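Notes for the one structure printed next.
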Amino acid sequence: MERAEVESRVKKVTAEVLGVEESVITSESRFVEDLGAESVQSLELVAAFEDEFDIEMEEDAALKVKTVGKAVDFIQKHLENK
Amino acid sequence: MDLIGGFIEKAKRLKKRIVFPEGMDERIQRTAERLSREGIAKPVLLGKKKDVLSAVEQRRIDLSGVEIIEPLDSPEMPRLVSLYCANRKGVKTGVAERLLKKDIIFGGMMLTAGMVDVMIAGAASTTASVIQASALTVGYKPGISTPSSFFIMVLPDGRILFYADCAVNIDPDFKQLAEIGVTTANSFAKIMGQQPKVAFLSFSSKGSATHPLVEKVQKAVCAAKEMAEGTVMLDGEFQVDTALVEAVAKKKLKEPSSVAGQANVLIFPDLNSGNIAYKLTQYLAGAGAFGPVLQGFAKPVSDLSRGAKVEDIVGISAITSCLT
């Protein structure tokens with residue numbers, strides 16, 4: 001999958017789960033500080049990414065990812081290994 | 001009878017169903033064996049049935065009376081997934097299905113659905129993940145936005161005090177502090193069956209010092225009084241000697257207080273003071289410290305320290321049963 005496509009789907013899912021406008025989300029956006037994610041939502045966000053891309057991510061490692069751009073990298077790595 | 005012995009006797013009468021999501025953990029298996037054998041509670045273990053059974057066989061643990069549920073195989077899964085989606089608006093079925101595959105989330109949903117009365121986890125996971133899973137599944141009590149915790153401190157002379165919050169909230173604002181006070185009062189009443197007298201602590205007694213840190217506690221007392229609507233005896237801000245010693249309270253306070261000098265619930269202004277105080281009481285005064293017991297969730301959930309022994313987990317099971 002092209003990086004651009006992964007990025008656009010990551011933004012769509014982030015917007016849905018966190019209830020923010022997709023247009024405000026950039027690669028640099030931090031889930032907690034910029035997009036207002038509460039700690040409880042981070043578990044749902046990880047599950048939503050897994051569902052969107054049909055992958056399994058290691059939870060502790062996934063929860064350490066802080067920005068949208070880093071989430072794209074993280075997910076792309078999983079897609080390559082699929 | 002010692003305090004925990006008393007809770008165990010009470011728990012035996014209540015016979016609550018307790019779900020343990022960490023069914024593979026040896027200490028959990030040994031706790032389940034004891035709870036079931038002694039009739040303290042009805043334990044339910046989560047995990048891969050085959051793995052749990054072969055582990056207990058190797059460890060010579062008798063789980064004959066204990067229910068083991070494998071979430072992925074459970075006929076309840078679809079019902080719990082739709083309940084999750086109904087409670088957490090906007091979460092897609094596929095996402096809920098993935099979350100429910102985690103034993104701790106499945107356990108939380110069993111509690112939400114009323115299939116069990118208590119959830120106890122944390123033998124192999126962090127406090128933060130127990131709190132997150134509980135917040136997503138059982139949610140908070142009405143009017144509560146902050147989960148917190150308390151310790152039951154048993155002094156050598158037999159006196160029992162509740163300390164909060166010594167484990168979860170690092171720097172609560174005044175509203176959170178008020179919630180912690182009212183929630184701990186309710187926990188005290190439920191567990192001890194006595195009237196709680198809640199003191200909000202500071203380095204000032206009723207305005208003897210002026211500082212933003214004192215002001216936070218003063219605002220918390222006002223907010224807590226509003227929240228409790230006269231149902232709970234609470235007061236402050238007090239120095240800890242004013243809260244505990246009648247003679248000091250008489251000397252330091254101009255107006256009478258129903259709490260000062262006789263407090264049995266101590267609310268600390270932040271985690272620095274709370275955590276230090278409980279350990280000082282434990283190690284210098286030789287008090288027993290039981291907890292942290294989580295509170296503020298809509299149903300009873302308890303965290304375990306990762307170093308918890310079977311004896312501790314049995315005690316926490318009994319205490320948490322009394323919170324239902």
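The values are calculated or read from the model by the stated rules, or taken from the named source; none is laboratory data. Quick caveat, the model's predicted, so the values are computed rather than measured. Counting neighbours? That spans all protein chains shown, and the Cβs are built from the backbone with ideal geometry, glycine included.
The table for this structure:
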quantity: Any hit, the stretch B:311-324, residues being modelled with pLDDT of 95 or more and in a loop (DSSP other than H, G, I, E, B); calculated: no
quantity: Checklist (1) touching a Gly at 6+ places or on another chain (Cβ under 9 Å); (2) under 18 Å from B:D270 (Cβ atoms); (3) among the aliphatic types (A, V, I, L, M) applied to B:A209, failing item; calculated: (1)
quantity: Check on B:P196, modelled with pLDDT of 95 or more and within 24 Å of B:E229 (Cβ to Cβ); calculated: yes
quantity: Among (1) surrounded by fewer than 19 Cβ atoms within 10 Å (Cβ to Cβ); (2) touching a strand residue (DSSP E or B) at 6+ places or on another chain (Cβ under 7 Å); (3) of a type in the set (D, E, K, R), the one test that B:D303 misses; calculated: (1)
quantity: Members of the stretch B:130-177 found to be within 14 Å of chain A (Cβ to nearest Cβ), of a type in the set (G, A, S) and surrounded by fewer than 24 Cβ atoms within 10 Å (Cβ to Cβ), listed by number; calculated: B:A135, B:G139, B:S145
quantity: Per-region count, the stretch B:51-102, residues in contact (Cβ under 8 Å) with a residue 12 or more places away in the chain, of a type outside the set (F, W, Y) and within 14 Å of another protein chain (Cβ to nearest Cβ); calculated: 11
quantity: Answer residue from the stretch A:19-47, given it is within 14 Å of A:V65 (Cβ to Cβ), in contact (Cβ under 8 Å) with a residue 12 or more places away in the chain and assigned to a loop (DSSP other than H, G, I, E, B) and is nearest to the chain's Cα centre (by Cα) among those; calculated: A:F31
quantity: Breaking point among (1) assigned by TED's automatic domain parsing to the domain that holds B:K219; (2) under 14 Å from the mean Cα position of the chain (by Cα), for B:S134; calculated: (1)
quantity: Sole exception among (1) in a strand (DSSP E or B); (2) surrounded by 22 or more Cβ atoms within 10 Å (Cβ to Cβ) for B:I180, by number; calculated: (1)
quantity: Any chance B:A243 is in contact (Cβ under 8 Å) with a residue 24 or more places away in the chain, in the same structural domain as B:I170 (by TED's automatic domain parsing) and assigned to a helix (DSSP H, G or I); calculated: yes
quantity: Filtered residues of the stretch A:38-52 (kept if facing chain B (nearest Cβ under 8 Å) and aliphatic (A, V, I, L, M)); calculated: A:V40, A:L43, A:A47, A:A48
quantity: Residue within the stretch B:261-282 that is assigned to a loop (DSSP other than H, G, I, E, B) and modelled with pLDDT under 95 present; calculated: no
quantity: Filtered residue count, the stretch B:269-297, keeping only those that are among the aliphatic types (A, V, I, L, M) and surrounded by fewer than 16 Cβ atoms within 10 Å (Cβ to Cβ); calculated: 4
quantity: Top-ranked residue in the stretch A:10-30 [being more than 15 Å from A:S42 (Cα to Cα) and not small (G, A, S); ranked as farthest from the other protein chains (Cβ to nearest Cβ)]; calculated: A:E28
